[in-house]
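A.B. asks: There's a structure below that I have some questions on.
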Amino acid sequence: MGILDAFARRRRSLPKPGGMSFSSRLLIQQIAIILLIMLLSSGIYGWLTYQRLVAEVGAKTLAVAQSLAEDEDLKRILDADRTPPDPSTLPAGPVQAHAEVVRARIDALFVVVTDRNGIRLAHPDPSRLGEMVSTDPSAALSGEEVTVQEVGTLGPSVRSKVPVYAADREIVGEVSVGYSTTDILDAMWLSVGPIVAVAGFAVLLGAGGSALLMRRLRKVTLGLQPEEIGELVKDQEVVLYGVDEGVIGVSADRRLTICNDKAKRLLNLPEAAGQPLTELDFPPAMLALLEQESGQESAQMLVGATVLIVSVRKVIHSGQDLGWVVMVRDRTDVQELSRQLDAVGTLSQALRAQRHEFANRLHAVSGLLDIGQPAEASAYLRRTLETGPLKYPLENGGLLTDTFLLAFLGAKSTQSAERGVNLRLGQNTLLHSPLADAQDVTTVLGNLVDNAITAAVQGTSPDRWVEVELLSDRSTLHLTVSDSGDGIPEQLRGSLFEEGISSAGAGYSAGRGEGIGLGLARQLARLGGGELRLLSAGTPGGPGAVFVARMERVLEETIMGGQVD
């Protein structure tokens, strides 16, 4: 079952969050934030605009009031009539007429003129003439020029109050000019309105952008909510680092996305998440698997001294191409165990064959004793002890002093004999030292012998044989394996040690689970600085191919229990 399927099951098992989805909540929050920013910006701008307009209107009212206060005719009228005015004469008086002309010219809310006591001599409402002003005139009547916001009989306004001086510099009245704050607010809205409209458009634009962002987010996260993503991240850690296989994730654009520690160790990869596969040292056979269109492929390949089984699966979710999941398994240990089991099986077959020989010898001894020939029985037993209880069909087996190699090749000779092939040791075989690394030696030697036996069986020569020759040089082992087969075809000689190519005739083609042995054997030979090569390709009809190998530091540096000189 794939990792994505496990994730999907985990997602279905998660509790569904109540209410709106995360993307909807995030969209609303973004719109609210944008709206709040627009309101704050518009409010601050409106307040600053209002303050600016108030200052401008105040400066204008002050200038008009100052100009009117300097009018010589007004000064003369106020200085000449210092007695309380008659309210009935004020509406038609010169002060009211002059003030209304000025008010109409500057389009002000009011232009008010008072005497030295604060009694109105001019006012837009004639009924208010002769009355005391509604706001405090003391500042202007004491000689100050002020600009303030006050509420009078005509409503709230921005007004300036300026004293009127007679020729002798005595204050004889005041002039007050004002504009309604409603007009100021109207002017402010004329300035702020476009800003508010732009802000509203910005809110709509931000909402649309946020909606597109949420759509993109849902697509990138495959519709998962944050709670689900958090759980899947935990599951990914469990899956990637809890399994015994290497796991690699490859995106649709062929970039490395995830790689657990086991895969890094098996493929000798650095920390390279996000890098293109072409920049990494991936085996070519693995890259070739990604080119397959079937969506799920597996292959066996050699990486260093390790045999790997690599499975590639195409991942499609909700119609979207997510890339590939690559599973890497180490088959080296399995192959080594298989070879050991083959050796044990071969030895078991040899032991079963020898059981009959033991039974026959015991019957012979028993018969000699029954007929009263103990001397003959004793001699027969002595000859049996001298030759050993087991007889392998290994020709020249007495040249081997290493019991492990003798047992191993003896088992192979029994197996080859059953297939009609004579396994023999070369006359020049000579080992002075016992094995120190039996595992690598038997892997290399066993592969060559197995291939040679198969080649001999498939060969056209009637004399079927395989010859093994072993020589020691301190801790170095030299071995040669030849056979009576038809040799290696010309087209395969240059690629014999590549993955998927086998020296066994029927296994010459790739993709059949064969062709790993020779490549692995060469890798093992080269680990210690040795080598494995094809010495002779052989000829049709025999003799067949000859392989030679040199394996360094696989023998103990001892001779007959002593150190090598």
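A.B. asks: Filter the stretch 502-537 down to the residues that are modelled with pLDDT of 55 or more, surrounded by 19 or more Cβ atoms within 10 Å (Cβ to Cβ) and more than 20 Å from residue 440 (Cβ to Cβ) and list them by number.
C.D. replies: 502
A.B. asks: Name the single residue, out of those in the stretch 25-67 being without any contact (Cβ under 8 Å) to a residue 12 or more places away in the chain and of a type in the set (S, T, N, Q), that is farthest from residue 108 (Cα to Cα).
C.D. replies: The selected residue is 29.
A.B. asks: Mind telling me which of the residues 361, 339 ends up being in contact with a helix residue (DSSP H, G or I) (Cβ under 8 Å, 6 or more places away or on another chain), at pLDDT 65 or above, outside any loop (DSSP other than H, G, I, E, B) and over 22 Å from residue 245 (Cα atoms)?
C.D. replies: 361
A.B. asks: Same structure, new question: From the list 301, 327, which one is buried (at least 17 other Cβ atoms within 10 Å of the Cβ) and at pLDDT below 75?
C.D. replies: 301
A.B. asks: Picking from 99, 63, which residue would you name as being among the small types (Gly, Ala, Ser), under 26 Å from residue 182 (Cβ atoms) and in the same structural domain as residue 177 (by TED's automatic domain parsing)? Break it down into steps so the answer makes sense when it comes.
C.D. replies: Numbers: 63 fails: in the same structural domain as residue 177 (by TED's automatic domain parsing).
Just a single option satisfies the conditions, and that option is 99.
A.B. asks: When residues of the stretch 465-486 are filtered for being in a loop (DSSP other than H, G, I, E, B) and surrounded by fewer than 22 Cβ atoms within 10 Å (Cβ to Cβ), how many remain?
C.D. replies: Qualifying residue count for the region: 3.
A.B. asks: Let me ask something else. Restricting to the stretch 97-119, and then to whatever is more than 19 Å from residue 70 (Cβ to Cβ) and in contact (Cβ under 8 Å) with a residue 24 or more places away in the chain, can you tell me which residue is nearest to the chain's Cα centre (by Cα)?
C.D. replies: Top of the filtered list is 109.
A.B. asks: Surrounded by fewer than 17 Cβ atoms within 10 Å (Cβ to Cβ), modelled with pLDDT of 90 or more and assigned by TED's automatic domain parsing to the domain that holds residue 546 - does that describe any residue in the stretch 446-458?
C.D. replies: yes
A.B. asks: Which members of the stretch 120-134 meet the condition of being in a strand (DSSP E or B) and either among the charged types (D, E, K, R) or in contact (Cβ under 8 Å) with a residue 40 or more places away in the chain (or both)?
C.D. replies: Residues satisfying the conditions are 120, 121.
A.B. asks: Based on what the data block shows, is residue 383 outside the structural domain of residue 431 (by TED's automatic domain parsing), over 30 Å from residue 524 (Cβ atoms), at pLDDT below 65 and among the charged types (D, E, K, R)?
C.D. replies: no
A.B. asks: For the stretch 269-290, check the following and say yes or no: at least one residue is assigned to a loop (DSSP other than H, G, I, E, B), over 19 Å from the mean Cα position of the chain (by Cα) and modelled with pLDDT under 75.
C.D. replies: No, the stretch 269-290 has no match at all.
A.B. asks: Hey, another quick one. Could you list, in sequence order, the residues of the stretch 462-493 that are of a type in the set (Ser, Thr, Tyr) and in contact with an Asp or Glu (Cβ under 8 Å, 6 or more places away or on another chain)?
C.D. replies: 475, 476, 480, 482, 484 - these are the residues of the stretch 462-493 that are of a type in the set (Ser, Thr, Tyr) and in contact with an Asp or Glu (Cβ under 8 Å, 6 or more places away or on another chain).
A.B. asks: Here's another thing I want to ask about it. Taking the stretch 220-255, which residues are in a helix (DSSP H, G or I) and modelled with pLDDT of 75 or more?
C.D. replies: Once the filter is applied, which keeps residues that are in a helix (DSSP H, G or I) and modelled with pLDDT of 75 or more, the stretch 220-255 yields nothing.
A.B. asks: Against the condition crowded, with 17+ Cβ neighbours inside 10 Å, modelled with pLDDT of 85 or more and in contact with a Gly (Cβ under 7 Å, 6 or more places away or on another chain), how does residue 85 come out, does it pass?
C.D. replies: Values: crowded, with 17+ Cβ neighbours inside 10 Å: yes; modelled with pLDDT of 85 or more: no; in contact with a Gly (Cβ under 7 Å, 6 or more places away or on another chain): yes.
It is false that residue 85 is crowded, with 17+ Cβ neighbours inside 10 Å, modelled with pLDDT of 85 or more and in contact with a Gly (Cβ under 7 Å, 6 or more places away or on another chain).
Conditions tested, residue by residue: (1) surrounded by 15 or more Cβ atoms within 10 Å (Cβ to Cβ); (2) modelled with pLDDT of 85 or more; (3) not in a strand (DSSP E or B).
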position: 136; (1), (2), (3): no, yes, yes
position: 140; (1), (2), (3): yes, yes, yes
position: 144; (1), (2), (3): no, yes, yes
position: 147; (1), (2), (3): yes, yes, no
position: 151; (1), (2), (3): no, yes, no
position: 157; (1), (2), (3): yes, yes, no
position: 161; (1), (2), (3): yes, yes, no
position: 164; (1), (2), (3): yes, yes, no
position: 167; (1), (2), (3): no, no, yes
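The values are calculated or read from the model by the stated rules, or taken from the named source; none is laboratory data. Note that the structure is predicted; figures quoted are calculated from it, not measured. We place every Cβ from the backbone using ideal geometry, glycine too, and count neighbours over all the protein chains shown.
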